[in-house]
Amino acid sequence: MQNKKIASFTGLRFIMIMCIVLSHFEFLFDVEPIGDFYKTYLWSAGFSVHFFFMLSGFGMMLGNISKVSLSETKCPSLSDCFKYGISHIRKIYPVYIATIIFGVVARFIFDFAADKINLSWLVHEFVKFVVNALLMQSATGMFHYTYAYNGAAWFLSCLFCIYLVSPMLIFVVRRVSKNYVTDIALIVLDMIMIYLMGILLGKIEGSLHDIKGLPDVNNLGYVSPFYRVFYVLIGMSVACIFCRMKENQIDLTEKKASILEIIVTVLFLHRFLLDRAFPLFSGYFGYVYEQMLPAIFLLIFAFDKGKISNLLHRKTMQVLGGMAMYIFLIHYAIRFWVAKPVETIWGWTLASSLGFIVFILSVTFSISYYLWKKSVSR
């Protein structure tokens, strides 16, 4: 199967990243008169985060299927896994480490001003820097490591940890995937595992928290690769279904694709904007809906044919999609570290908050565009 670039996904990356960026303006919580509105209707990154992990799994599986036939698949070695992980973060790593160094410098300046610098501080910060430089912070389960210098970078750390085992995951999924039934069964199994891992990791957090003398392990759930790997696996199974449909010549006309894209886009917008105030489902049905919607959304836009896909194909959306990961890493470093002097000098008023948002976005987009332009000119 030929590995054709799915342009819709590039445009969607920007939209999903901006949903996440918008959810990071928590300083708006107590700002009148927009705080309650922001918390109720705009502070919602869950769908976008799920989508990105599934998209990663989809892309890895689609790339593998397009290059290697099932009969040629073999169990990867540890060396294969390590090389695979490195290859998937090589391009973005220089930008990532630059934001980490920016965070180290900012923390030193703030802590020096507060007279907190001593030998213990130096040792602790050195260990945190090494863990973050190796992209292992999300696997520690410790808040102070995961969010040490660039809180949003937990996502890249989590992906890197999963990339390191992805060749093995791809091998297993491809061996198990025989037909639509096995693909759907794997998705259901992954959803069950997400639910069970959430409970298990929560209990482990609670148990470790009660043991005196241990580091505070309080971040094993939402940002953990042990939890997020199952979202990646869902994406891999969705890719198997997509490829099977293509092989069986099951395709969508532009009209059908447009109708389906509009339906899932309306559901996405409801999930992002209205779900806190007017949820469609609750309880177990709500949990199933939360996992299934991004998977179905992914599958429909993979056909790359509808009217919304055509909008996503436009040059502007493709450029913004190419900038997405730069935007993601850079915006939070600015948002977190510059927020401290802004709050100290002006406090969180409506004017200072909106002005700070303009500053974050202006600087972030300027740097991101420069980096994107540099990357495509090589």
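The values are calculated or read from the model by the stated rules, or taken from the named source; none is laboratory data. Worth saying up front: this structure is predicted, and the values here are computed from it rather than measured. Calculation scope for accessible area: heavy atoms of the full protein, side chains included, ligands and nucleic acids excluded. Shrake-Rupley method; radii C 1.70, N 1.55, O 1.52, S 1.80 Å.
Obtain the radius of gyration and the Kirkwood radius of the stretch 1-107 from its C-alpha atoms and give Rg over Rh.
Radius of gyration over Kirkwood radius for the stretch 1-107 works out to 1.10.
With bins 10 Å wide starting at 0, give me the P(r) of the stretch 219-274 over every alpha carbon pair, in whole percents.
19, 26, 39, 14, 2
Before I look further, what does the stretch 2-63 give for accessible area per residue, probe 1.4 Å, in whole square angstrom?
That works out to 37 Å² for each residue.
Could you tell me the accessible area of residue 32 in Å² (1.4 Å probe, neighbours in place), rounded to the nearest ten?
The accessible area comes out at roughly 140 Å².
Starting from the Kirkwood radius over alpha-carbon pairs of the stretch 223-378, derive D by Stokes-Einstein at 37 °C in a medium of 0.692 mPa s and give it in µm² s⁻¹.
Approximately 172 µm²/s, per Stokes-Einstein.
Using C-alpha positions alone, give me the convex hull volume of the stretch 310-356 per residue in cubic angstrom.
Enclosed volume per residue, from the Cα hull, is 81 Å³.
Taking amide H atoms as placed 1.01 Å from N in the peptide plane, list the residues 5 or more away in sequence, or in a different chain, whose amide H sits under 5 Å from that of residue 217.
For residue 217, no residues qualify.
What accessible area per residue, rounded to a whole number of Å², is obtained for the stretch 256-378 using a probe radius of 1.4 Å?
52
What is the diffusion coefficient of the stretch 88-189 in µm²/s, taking the Kirkwood radius over Cα pairs and the Stokes-Einstein relation at 37 °C with a viscosity of 0.692 mPa s?
The Stokes-Einstein estimate is 207 µm²/s.
How big is the shadow of the Cα convex hull of the stretch 292-378, averaged over all directions, in nm²?
The directionally averaged projection comes out at 8.3 nm².
Please report, to two decimal places, log10 I(q)/I(0) for the stretch 98-149 at q = 0.13, 0.15, 0.20, 0.30 Å⁻¹ as given by the Debye formula with identical point scatterers on the Cα atoms and no solvent.
-0.29, -0.39, -0.68, -1.21
Calculate the length of the line joining the C-alpha centroid of the stretch 253-320 to that of the stretch 118-172, in whole Å.
31
Could you order 111, 251 so the one with the most accessible surface comes first? Probe is 1.4 Å.
Highest to lowest solvent-accessible surface, that is 251, 111.
Solvent-accessible area of residue 128, probe 1.4 Å, all protein chains present, reported in Å² to the nearest ten, please.
For residue 128, the solvent-accessible surface is approximately 10 Å².
On average, how much area does the Cα convex hull of the chain cover when viewed from any direction, in nm²?
That works out to 20.9 nm².
Dividing the convex hull volume of the alpha carbon atoms of the stretch 44-145 by its residue count, what do you get in Å³ per residue?
Normalising the Cα hull of the stretch 44-145 by residue number yields 150 Å³.
As I understand it, the value is the acute angle between the Cα axis of helix 154-163 and the longest principal axis of the Cα atoms of the chain; what does it come to in degrees, rounded to 10?
Helix 154-163 sits roughly 40 degrees off the main axis of the chain.
Would you mind telling me the share, in percent, of accessible area of the chain contributed by carbon and sulfur at probe 1.4 angstrom?
The nonpolar share, carbon plus sulfur, comes to 69 percent.
If ligands, DNA and RNA are left out, what is the accessible area of residue 332 with a 1.4 Å probe, given in Å² to the nearest 10?
Rounded to the nearest 10, the figure is 30 Å².
Compute the accessible area per residue over the stretch 64-217, keeping the other protein chains in place, probe 1.4 Å, unit Å².
Counting only protein heavy atoms, the per-residue value for the stretch 64-217 is 55 Å².
Residue-wise, which Karplus ³J(HN,Hα) couplings in Hz belong to the stretch 318-323, taking 6.51 cos²θ - 1.76 cosθ + 1.60, θ = phi - 60°, and x for glycine or proline?
5, 5, 5, x, x, 8
What are the semi-axes of the equivalent ellipsoid of the stretch 185-224, taken as the square roots of 5 times the eigenvalues of the Cα gyration tensor, listed largest first and rounded to whole Å?
Equivalent-ellipsoid dimensions as semi-axes: 26, 9, 5 Å.
What are the semi-axes of the equivalent ellipsoid of the stretch 122-260, taken as the square roots of 5 times the eigenvalues of the Cα gyration tensor, listed largest first and rounded to whole Å?
37, 17, 13
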